[in-house]
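Heads up: the structure comes next, in structure tokens.
Bear in mind that the values in this text are calculations on the coordinates, not laboratory data. Note that the structure is predicted; figures quoted are calculated from it, not measured. Because the Cβ atoms are built from the backbone with ideal geometry, glycine has one as well, and the counts that use them run over all protein chains shown.
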Amino acid sequence: MRWNTIARTACLFASLALVPAACSPTEPGASGPVFDVTIRDFKVRPSSPTAPAGTVTLSVSNIGPTTHEFVVVRTNLPDGELPIGADGLSVDENRLDDVEEIEGIEDGSTEQVTVRLKPGRYVFFCNFEGHYLAGMHAAVRVVGDA
């Protein structure tokens, strides 16, 4: 009898732990699969080197220690060889196929943007002065049917 009560109690606690995850959306306002990216001085870390084609919500977490921006471009250029602008400190976005941008992601915050990604190669980067040149970029291959 005692074992049955312990088992029922354990099952009750286990089911209560699962209810919030099952009843709340993984990412409020997200559309399509969520692709996580972490940014910080001076790194961009996608959760995977590949992302699904189609409508995808990019969830970008800035772990600081400063404010950053997040730019997405579709290009065949290596992530470290994007064209630099006349200022010599940032990427010339006008020479690239800009997909999306999130400006001013504060330290410790997460921002989301929903984009439609076609299959191909993309570069994620911060374009604040000097950040790209300091290595704040990463390449991601988008695979599947858009």
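Below 8 Å between Cα atoms, with a sequence gap of 6+, how large is the relative contact order for the range 87-146 in percent?
Numbers: 57 pairs, mean separation 23.2, N = 60.
Relative CO of the range 87-146 lands at 39 percent.
Are there any chymotrypsin sites (Phe, Trp or Tyr not before Pro) in the range 30-127 that are in a DSSP loop and have at most 14 other Cβ atoms within 10 Å? List them by number.
Passing both the DSSP loop test and the Cβ count: no residue.
Using 0.36 nm per residue, how much length does the chain from LEU133 to GLU111 gain when fully extended, once their Cα-Cα distance is taken away?
The span from LEU133 to GLU111 would gain 5.6 nm if fully extended.
Which of the GluC sites (Glu not before Pro) found in the range 95-137 are loop residues per DSSP with 15 or fewer other Cβ atoms within 10 Å of their Cβ?
For GluC sites (Glu not before Pro) across the range 95-137 that sit outside H, G, I, E and B with at most 15 neighbouring Cβ atoms in 10 Å, the list reads GLU106, GLU129.
Kindly write out, for the range 84-97 in residue order, the coupling ³J(HN,Hα) from the Karplus curve 6.51 cos²θ - 1.76 cosθ + 1.60 (θ = phi - 60°), rounded to whole Hz, with x marking Gly and Pro.
Rounded to whole hertz, the list is 8, x, 4, 6, x, 10, 9, 6, 7, 5, 5, 9, 10, 7.
At a Förster radius of 35 Å, what calculated FRET efficiency corresponds to the Cβ-Cβ distance of ASP145 and ASN94, to the nearest 0.05?
E between ASP145 and ASN94, to the nearest 0.05, is 0.70.
What residues have an amide H closer than 5 Å to that of PHE35, excluding those fewer than 5 places away on the same chain, when H is modeled at 1.01 Å from N in the peptide plane?
Hits under the 5 Å cutoff: THR57, LEU58, SER59.
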